[in-house]
Structures are given as structure tokens and as C-alpha cells.
Amino acid sequence: MPCSCRSADLLSNGSSRAPSTDEDSLDSSPDSGEKRKTLERKESYNYCECVLEREESVAGPPGFQTRKVRDEKMVFGIDKVLSGIVKYHQTVRGGMLEQFKRVRDNPVPSVLMFTCMDSRMIPSRFTQSDVGEMFIVRNAGVLIPHYKYYGKEATITTEPGALELACVINTVQDIIVCGHSDCKAMNLLQSLKAENTPEDTDFAHSPLRSWLMRYGGDSWVQFEKMLQSKKNRLVFMEGNHAYEAVIDAKNEFNMADKFSQVSTLHQLENITSYPFMQRLVDSGLVRLHAMWFDIYTGSIFYFNKPHKTFIEITEKNWDEFLNEKDREALKKQQIFGLRNLVI
Ligand SMILES: [Zn+2]
């Protein structure tokens, strides 16, 4: 059974110490009573493969008689962050100073990525992007509220502001929406929908559920259409242009991941629901892309419109995703600075 705690990740990047052995613990126990307690604790370790998280018995009502405890020698939370900053000082900071100087007065980010706040997603690492290259907006489930919600009932959210900052104030030309497998937020939305939770449920106690139900509801509608379609076919709109998608054509992923892929594509529709974004996209000055990250294999997929499906990005195919029309639009933008005319 795979380990559910994060210790394996921490160990794999060398930032933490290995768990102590039985002998270590016994040696450090000052008296026999302490040794017995240590032994009892060790016996209650759960079956987490990396043995860095254990369950301890505590006094409490039924159902609350154990608690999870992490190994004392592990570095977590703010300790992990502070020690990471020291490591950054010692290793990459020097090299980054030159890059900071280069982009200080004239940063020209050319990509805006929307992705999930999931701790397993590290976009700057898996895209190998550098200082000044990419705006990144992260939220629970990768949702970009549709224009119909804009300005109503104090629901102005970060995402449309980010579109304006990136594409109007700056000259970002590519927007990527990147979903991922095993998305806890999407899984929660799916379970709320599967339980037929009413749209008008008051989630005052749960901002996360409110967020997902309000801004993810349209993704669910699309997903239900997919379930009723033949061969998982759907039609999405990008501004005034419709295109077809076949979700998980090889049937490799479970339903929750299919839903995540549908939602990822649906966010592109939401981006062009903003009039200023529709003009930029229609004029070819901004291009929209959907990607999807499989966190269990590390594979990254790109939605390819001619093939109507997500295709894994590899060394052999990565440069086929940019077509001639895109290249021409890009060239025009660089030469004539057409963006101000369009907006
Ligand atoms: Zn997620």
C-alpha cells in the first residue's frame, strides 16, 4: 500500500534525516521506564513504508483515541522553510543574483500559468522556468471563475485580475491551465456532486466547498455531458470558436482524473468569457493551452486540438504543438506591438 505521508518526498530530496533505529532509541532512553515507553511506541508504528509517521494512543472519546505523530527528527513546517532558505543562500542564490539584475528593470514574463495549489505540483521545476519568465496563479482545483460571476456580491477573485495584469498591463502571449491527477479539490467537488448536494447549500462553515461548488459547477455540467456522450466526446468554446475534445481516449485514467481533465479544458472557456480576453485570443495575440500533470508518473500531457485529446509531451513531439498560424501571430506581435490596438 503506498505511503500517504509526505516523508518519502522529503527523504528522496535529501532534506531530512532517516528514521532512528530501535537501538538508537533504546540507547537514548535514560531509564527502563522510558525504554518500555519507547518500545510501546515503536510497536504502535503504523504501516507507513517510510516509518516516519506513527499513531499514538491518547485518552479521548470513541473514534478519537489515536493521533498521528511525526518523527521528532524530521524537519517540518517553518523549520523546513528556514533551513531551506539557508540551503538556498549556500547554493543557488549567487547564480540567481545575476538573473535578478538582468530582469530588475525590464522583466518580460511571457507565460501565465494557472495551476492547483497542491503541494505536489511544482510548476517552475517541471517547466524549468527561471527568474522573470512566468506568472503563476494557484488555487484549489485550478478554477478560473466565469465572467458571469465578475463583480457580483463581492465575488471579485484573483484570477481575472491576474489575466489583466499578465495580458493587458504586461504582454503575456501564452496562458496555460494545468490540471493534475488525484486532485483533492476536484475529488471533493466530485463527491459533493455525487451526493446531489443542492446548489444553494449554505457552506458558510467551509470556504473550500463554497469555492468549488460556485466556480466548479459548470465543469461538472460538462463532465455529465461527457458521461452521456459516445466515446467521451465534448465540445468546448474558445471565444467564438468551437473545438472537439475526446477525454482520455485510451481510457487510462479513473473517473476523478477524467473529471479533472474536463475541468482543465473548461477553464479555457472561462478565460475567453472576459471580453478583453476574447479580443486578445480572437486576434491571435494570446494563445490558450491546456496541460495535465500525472503526479504518479511525472508525465505531462498537452491538449492537442488537431488530435482532439491530451498527448504526452516528449522529446519527439514537443515542437509539433505550435502551428504555423501561431508562429505568424507571435511574429506580428513582436514586430508591431499590436496588443494596444486590440485592447
Ligand atoms: Zn489539485
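All of the numbers you see were taken from the coordinates with simple rules; none came from a lab. Predicted, not measured: the structure shown is a model, and the values here were computed from it. Cβ placement follows ideal geometry from the backbone for every residue including glycine, while neighbour counts extend to all protein chains displayed.
A few points about this structure:
- Among ILE313, ILE78, ILE156, sorting on how many other beta-carbon atoms sit within 10 Å of each Cβ, with the fewest leading, yields ILE78, ILE156, ILE313.
- Likely footprinting exposure, MET277, MET96, fewest C-beta neighbours within 10 Å first: MET96, MET277
- Over the stretch 108-342, the pair-distance histogram of Cα-Cα distances with 5 Å bins from zero comes to 1, 6, 14, 19, 20, 18, 12, 6, 3, 1, 0 percent, rounded to whole numbers.
- Highest to lowest packing among 159-168, 299-308, 261-270, scored as the average C-beta count within 10 Å: 261-270, 159-168, 299-308
- When each of the peptides 218-231, 188-201 is scored by how many other beta carbons lie within 10 Å of its residues on average, the order from highest to lowest is 218-231, 188-201.
- Whole-Hz Karplus values for the stretch 93-99 come out as 4, x, x, 6, 4, 4, 5 Hz, taken residue by residue from phi with 6.51 cos²θ - 1.76 cosθ + 1.60 and θ = phi - 60°; glycine and proline positions read x.
- Pairwise Cα inverse-distance average, inverted: Kirkwood Rh of the stretch 133-212 (Å): 14.6
- Which listed pairs, of LYS184/LYS258; LYS231/LYS308; LYS184/LYS230; LYS230/LYS250, have C-alpha distances above 21 Å, in listed order: LYS184/LYS230
- Between the stretch 228-245 and the stretch 277-305, the alpha-carbon center distance in angstrom: 15
- Summarising the amide proton neighbourhood of MET117: residues at separation of 5 or more, or on other chains, whose placed amide H is nearer than 5 Å comprise ASN139, ALA140, GLY141, VAL142.
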